[in-house]
Amino acid sequence: MNSDHNELLLEVKGLSVEGFSEDKWHQIVNGVDFCLNRGEILGLIGESGAGKSTIGIAAMGFAKPGCRINGGSIQFDGLELTTATAEEKRRLRGARIAYVAQSAAASFNPAHKLIDQFSETVIQHGLGSRDQAYADAKELYSKIRMPNPDTIGFRYPHQVSGGQLQRAMTAMALACRPDLIIFDEPTTALDVTTQIEVLSTIKDIVEQFNTAAIYITHDLAVVAQMADKIKVLRYGESVEESETRSMLSDPQKDYTKSLWAVRSFRKTEQNVDASSLPLLKVQNVTAIYPGTSKEVLTDIEFEIRPNETVAVVGESGSGKSTLARVITGLLPPRQGQILFEDQSLPSDYRSRSPGQLQKIQMIYQMADTAINPHHKIRDIVGRPLTFYLGLEGQAKQKRLRKLMEMIEMDPDQYLDRLPGELSGGQKQRICIARALAADPSFIICDEVTSALDQLVAEGILRLLDRLQQEFNLAYMFITHDLATVNAIADRVVVMLQGKIVDQGPKNEVFQPPYHEYTELLLSSVPEMDPDWMDRVIAERLAKGGLKSADN
Amino acid sequence: MNQSPDIQSMTNSAVSTRTSRILKELAKAPFSAKLGLLIIVVYVFAAVFAPWLAPYGESEIVGKKYVLANDTFLLGTDNLGRDMLSRIIYGARNTVGIALITTIYAFLLGGITGIFAAVIGGWTDQLLSRTVDILMAIPALIFAMLLLSIFGTSVPSLILIIGLLDATRVFRLCRAVSLNVVVMDFVEAAKLRGEKLVWITIREVLPSISAPLAAEFGIRFCFVFLTISALSFLGLGIQPPTADWGSMVRDTADLITFEDYTPLIPAAAIAILTIGVNFVVDWFLQKTSGLKDEF
């Protein structure tokens, strides 16, 4: 860490922000205090809706449309931001306070080159000429280890990878050498192998320029690497704040402890009979998307037994979700076949019988789009009951109530609601209920927890585990999150660029000797230990440079 | 039949909360929307109760031609000596009624084919879309006049031809908004469940696109209504002696040279309804675009 930690840069006292919805003002942030010295990193952590992002942008004296700062003071280097004029704030933003958003892809203008977007702030604030800005951009690009730093800036945003784009955005935030950078979940959308690169870049650069930072995330292991001190938030209020190490080793409040405990969930041991006949057999499947020639899946071969959870792991673009599309029949494979209960499944879902469709159900990543927002829960969950099982009237209502109880939601309260009146975790539970209503023997779970907060996600995993015990279900669990794999899988299939590189029981795959790629994946998963990242980077540098699919 | 009483009461309460919600929304509506609704209500009232409201018959010659407004003829008489007020009231029935039927027909035709094209995709989509492109390549008013002179100017052919031409616009809109919906996971889930095309169209896609469709219905109604008036003015629309605002403007058009306002009365009837419908549509569009955030 840097030496000069004493000069106070930002002091926030009793910050309150309210937002307007449904004809009323609601308090979003309620009396939050914190202060930040030069060169210090503060981690803001909490579930979605805790007000993390709102506090982050309020530190710039800004509130989103429909929101307003209605109390407290924000002192930035002696200037009171709550009363500053628009012109005073305009001069600060970009020049002395910069912001890095969660989705770099959505934050860059796709019509301009990276380097021009970099230079824009510098020129706008009159801090340098275009040529100076260009030269500086190239220097920064090389500092953050972008490939071809001299030329990469002349590409358009869609011509570089997601990780590179996120790093380019960090460089852009540094363009005017600000005193404070606000990072709003900068690595949440990235794969673990890319995430570690971006994290180490951010950490290096913040240290080099003695920049203070507010780092917003919901991932505890990430914040453990980045922050000097951590502030836990809930419902717009501060739960507790302390130094990173003491916060990790000795959290004071129950809520913080429950956050810390999430990662300890392990599924019930399954007695999968190794000799039993496989439920689903994927035999040397090769697939391409229509109109292209590149193979997205090559020679995929694996089995799933009844009552077993197989996790399919890999980075984005590894073909995990395509595999699900092939099994469900949305994308007929070019070669190979799928056997279900020892019978060959027609490759196109349109040729499958209702009985075959019924046995394989799917749960999607985004529960928001997986259920029709215009249908009531009663109709969403009730449809498979009528469609497959022919249930009507009393029998159907009885079964509906049973299903709602299984997913731990009160039937009287929720059956007549619309999806818009449910939380993210509840919507995912409804998706589970719909899958369950079909009475399946095999469920494909496509990143079902990755859009959810950790506490909620853990609840979903526990539910899936319990349902597996009760109904002897087999799961294919598609995920990029190795913590989830550890929690729920019996066997693991590791995919890279459309091929299976490693597969076997979880204990074998995740224990040495590893496959090379499995090792890279495993070593990239952030751990709660604050020294973890420095150690891994040092190890990798010693082994001859960083390697990932990104570079 | 065998629904338990509590389910019955739940459905009832759902209906009543929906009505009260609509009433609440109406109370909150801006002044322009209320004015628009008032205009529409007055027009509908006039159209429905025309025989009771009008002092004289629709095509009854009741006096001298071009009589100025007086106590017997509140708005004067036209070029044949028919009462203007009575014809304006009957005109509401004819012009608005025919425009409404035409718009509904255009929406059924264009809407269903549009959603089908989006859901099925592939060759069906290509065939339908290219046919629509060809129809849209010809200027609508000229095409309508051409077809009307071929098939004759009866009311059914007027409805069929204008409906067909406007259905092309509805098709394009429906297909475009449906394309955004058919890629949603819930449509995929329905397909994987094995649902039939009709179910997917009506139960899954239609509710998600009903808001833009309802707004389009209002605007499309205005266009159809104006097209009919324009065609009537040109003599190709609704034929005499049926009262129609477009042809009434033409009938009395000579008077404009004598600085008489009579031809402006049916023109005003057209203009006011158009403005009224647009006020309501604007309000509706604003409401639904606000709702989209909740998706």
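Structure above, values below:
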read-out	value
Residue tally, condition touching a strand residue (DSSP E or B) at 6+ places or on another chain (Cβ under 8 Å) and more than 29 Å from A:THR187 (Cα to Cα), over the stretch A:290-321	11
Residue list for the stretch A:333-372, restricted to those being surrounded by 17 or more Cβ atoms within 10 Å (Cβ to Cβ), within 11 Å of chain B (Cβ to nearest Cβ) and not polar (S, T, N, Q)	A:TYR349, A:ARG352, A:LEU357, A:ILE360, A:MET362, A:ILE363, A:TYR364, A:MET366, A:ALA367, A:ASP368, A:ALA370, A:ILE371
Residue check for B:PHE225: in contact with a helix residue (DSSP H, G or I) (Cβ under 9 Å, 6 or more places away or on another chain), more than 23 Å from B:ALA117 (Cα to Cα) and assigned to a helix (DSSP H, G or I)	yes
Output for the stretch A:91-116, where each listed residue is closer than 18 Å to A:ARG177 by Cβ and either within 25 Å of the chain's Cα centre (by Cα) or surrounded by fewer than 20 Cβ atoms within 10 Å (Cβ to Cβ) (or both)	A:ARG91, A:ARG93, A:ALA95, A:ARG96, A:ALA98, A:TYR99, A:VAL100
Given (1) buried (at least 19 other Cβ atoms within 10 Å of the Cβ); (2) in contact (Cβ under 8 Å) with a residue 60 or more places away in the chain; (3) part of a helix (DSSP H, G or I); (4) not acidic (Asp, Glu), index of the condition B:VAL249 fails	(2)
Selection from the stretch A:389-400 of residues that are charged (D, E, K, R) and within 12 Å of another protein chain (Cβ to nearest Cβ)	A:GLU392, A:LYS396, A:LYS398
Residue within the stretch B:168-189 that is part of a helix (DSSP H, G or I), touching a strand residue (DSSP E or B) at 6+ places or on another chain (Cβ under 8 Å) and either within 14 Å of chain A (Cβ to nearest Cβ) or closer than 30 Å to A:VAL326 by Cα (or both) present	yes
Condition broken by B:ASP260, with the remaining ones in (1) over 30 Å from B:PHE116 (Cβ atoms); (2) in contact with a strand residue (DSSP E or B) (Cβ under 7 Å, 6 or more places away or on another chain) satisfied	(2)
Output for the stretch A:419-439, where each listed residue is within 9 Å of chain B (Cβ to nearest Cβ) and either without any contact (Cβ under 8 Å) to a residue 60 or more places away in the chain or surrounded by fewer than 19 Cβ atoms within 10 Å (Cβ to Cβ) (or both)	A:GLY420
Which listed residue, of B:ILE161, B:ILE134, B:ILE150, B:ILE138, is within 19 Å of B:ILE98 (Cα to Cα) and either surrounded by fewer than 20 Cβ atoms within 10 Å (Cβ to Cβ) or of a type outside the set (Asp, Glu) (or both)	B:ILE161
Count of residues meeting criterion [within 18 Å of A:LEU323 (Cβ to Cβ) and free of Cβ contacts under 8 Å to residues at least 60 places away in the same chain] in the stretch A:340-355	7
Complete set of residues in the stretch A:311-324 that are modelled with pLDDT of 90 or more and either more than 24 Å from A:SER450 (Cα to Cα) or in a helix (DSSP H, G or I) (or both)	A:LEU323, A:ALA324
Conditions (1) at pLDDT 80 or above; (2) within 26 Å of A:MET226 (Cα to Cα); (3) in contact with a helix residue (DSSP H, G or I) (Cβ under 9 Å, 6 or more places away or on another chain); number of the one not met by A:LEU546	(1)
Residues of the stretch B:237-246 satisfying the condition of being buried (at least 22 other Cβ atoms within 10 Å of the Cβ) and not in a helix (DSSP H, G or I)	B:GLY237, B:ILE238, B:ALA243, B:ASP244
Residue count, the stretch B:121-141 (criterion: over 20 Å from the mean Cα position of the chain (by Cα), assigned to a helix (DSSP H, G or I) and modelled with pLDDT under 90)	1
Residue match in the stretch A:220-235 (condition: closer than 16 Å to A:SER48 by Cα, under 23 Å from the mean Cα position of the chain (by Cα) and without any contact (Cβ under 8 Å) to a residue 60 or more places away in the chain)	no
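So that you can scan it fast, the table gives a plain yes or no per residue for (1) in a helix (DSSP H, G or I); (2) without any contact (Cβ under 8 Å) to a residue 60 or more places away in the chain; (3) away from chain B (no Cβ under 14 Å); (4) surrounded by fewer than 21 Cβ atoms within 10 Å (Cβ to Cβ):
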{"residue": "A:HIS375", "(1), (2), (3), (4)": "no, yes, no, yes"}
{"residue": "A:PHE387", "(1), (2), (3), (4)": "yes, yes, no, yes"}
{"residue": "A:GLU408", "(1), (2), (3), (4)": "no, yes, yes, yes"}
{"residue": "A:CYS445", "(1), (2), (3), (4)": "no, no, no, no"}
{"residue": "A:SER450", "(1), (2), (3), (4)": "no, no, yes, yes"}
{"residue": "A:ILE460", "(1), (2), (3), (4)": "yes, yes, yes, no"}
{"residue": "A:LEU467", "(1), (2), (3), (4)": "yes, no, yes, yes"}
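The values are calculated or read from the model by the stated rules, or taken from the named source; none is laboratory data. Computed from a prediction, not measured in an experiment: that's the story for all the values here. Virtual Cβ from ideal backbone geometry, glycine too; neighbours counted across all protein chains shown.
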